[in-house]
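A.B. asks: I am attaching a structure below and will ask some questions about it afterwards.
The values are calculated or read from the model by the stated rules, or taken from the named source; none is laboratory data. These numbers were taken from a predicted model, which means no experiment stands behind them. FYI the Cβ positions are ideal-geometry reconstructions off the backbone, even for glycines, and counts take in every protein chain you see.
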Amino acid sequence: MTRPSSSPEESLRLFLEYLAVEKGLSLNTVAAYGRDVRKLVDFLKAGRIALPRVSEDTLVAFVHRESGAGLAARSRARLISALRSFFRFSVLSGFLKKDPSSRLTTPSTWLALPKFLTVGEVERLLAAPDVSKPRGVRDRAMLEVLYGSGLRVSELASLKLAEINRDEGFLVCRGKGGKERIVPLGRSACDAVGRYLAEVRPRLDPGGRREELFLSRRGKPFTRQGLWKLLRQHAAAAGLRAPEITPHVLRHSFATHLLERGADLRSVQLMLGHSRITTTQIYTHVSREQLRRVYDKYHPRA
């Protein structure tokens with residue numbers, strides 16, 4: 001087999017190809033890794049540093065530069081994860097003899113607590129769509145499913161008609177890397193979807209040709225940006241701080257509310273589709289913050 005070129009550009013191209021074809025990662029994940037490693041490639045080109053000459057000091061200097069540019073701890077952790085994956089691939093592919101990223105440490109990110117809504121705020125958001133109109137019926141169903149299942153926005157956009165079972169109260173989700181998981185769905189969400197299917201969706205897809213559950217007024221699947229915009233419109237109507245309300249905030253709220261009411265961490269991990277339970281553990285810190293606020297407010301010796 002011919003040894004591949006060791007140029008950073010060629011290494012990046014083959015790395016992204018490997019992630020998409022062999023690892024089966026989603027397009028969004030591959031794109032995110034590509035953006036992170038592209039920053040390194042540009043850094044190496046500017047310094048005229050060939051890939052075999054990259055050392056741990058080179059990477060530390062690069063990460064420090066990114067941190068100095070205002071990169072948040074969570075983004076910095078993702079950057080380091082991408083670098084580690086890239087250099088492991090480079091060693092396995094014969095680009096390098098030694099992995100210069102092996103001792104890079106990931107910054108602690110647990111203090112970067114995810115934003116979430118209170119139960120009351122969620123109820124205001126769910127009540128925002130005008131269900132006397134077809135669009136409001138559809139939007140209410142989408143918001144109910146988003147909060148009721150903790151789906152990522154891309155997962156909601158690609159959710160198929162055949163993947164939701166209202167009678168049994170669950171949906172089948174294909175998440176990152178094509179991994180499939182089953183998520184329970186509450187009665188409120190199932191009822192909202194049932195009304196949407198009976199009253200609205202036939203108008204959006206009169207020929208019954210689309211597989212996707214939720215469709216735009218043009219009868220096409222939603223984009224991530226379209227769902228984001230829709231959510232912010234309803235957040236503003238509900239009197240919430242619209243710029244801070246994203247689809248992921250509803251996912252965070254889903255997890256936080258379950259844990260605050262006694263759900264075990266492993267079950268929440270499975271419902272969210274996290275590959276590692278350490279990713280889910282951040283929500284226990286959110287709950288601790290809530291406990292701290294309650295303690296400080298009500299304990300006489302706080």
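A.B. asks: Just one of the numbered conditions (1) modelled with pLDDT of 90 or more; (2) in contact with a Gly (Cβ under 8 Å, 6 or more places away or on another chain) is not true of GLY273; which one?
C.D. replies: (1)
A.B. asks: Evaluate the stretch 188-199: report whether one residue or more is more than 23 Å from ALA127 (Cα to Cα) and without any contact (Cβ under 8 Å) to a residue 24 or more places away in the chain.
C.D. replies: no
A.B. asks: If you don't mind, another one. Check ALA236, ALA192 and return the single one that is in a helix (DSSP H, G or I) and either over 24 Å from GLY136 (Cβ atoms) or touching a Lys or Arg at 6+ places or on another chain (Cβ under 8 Å) (or both).
C.D. replies: Within the list ALA236, ALA192, the selection yields ALA192.
A.B. asks: Looking at GLY208, GLY194, can you tell me which residue is surrounded by fewer than 19 Cβ atoms within 10 Å (Cβ to Cβ), at positive phi and in the same structural domain as LEU143 (by TED's automatic domain parsing)? Show your work before the answer.
C.D. replies: On the way: GLY194 fails: at positive phi.
None of the other options fit; the residue is GLY208.
A.B. asks: Looking at the stretch 59-75, which of its residues are within 14 Å of LEU104 (Cα to Cα) and surrounded by 17 or more Cβ atoms within 10 Å (Cβ to Cβ)?
C.D. replies: Within the stretch 59-75, LEU59, PHE62, VAL63 qualify.
A.B. asks: From the set of residues in the stretch 195-233 that are basic (Lys, Arg) and not in a loop (DSSP other than H, G, I, E, B), which is nearest to LEU250 (Cα to Cα)?
C.D. replies: My answer is ARG232.
A.B. asks: On to the next question. Given the conditions (1) within 30 Å of SER158 (Cα to Cα); (2) in contact (Cβ under 8 Å) with a residue 40 or more places away in the chain, report the number of the one that VAL30 does not fulfil.
C.D. replies: Result: VAL30 fails condition (2) only.
A.B. asks: For the stretch 246-254, indicate whether the set of residues that are among the hydroxyl-bearing types (Ser, Thr, Tyr), outside any loop (DSSP other than H, G, I, E, B) and buried (at least 16 other Cβ atoms within 10 Å of the Cβ) is non-empty.
C.D. replies: Yes - at least one qualifying residue is present in the stretch 246-254.
A.B. asks: Here is a further query. Tally the residues that are more than 24 Å from the chain's Cα centre (by Cα) and in contact (Cβ under 8 Å) with a residue 24 or more places away in the chain, restricting the search to the stretch 46-86.
C.D. replies: Adding up the residues that qualify gives 9.
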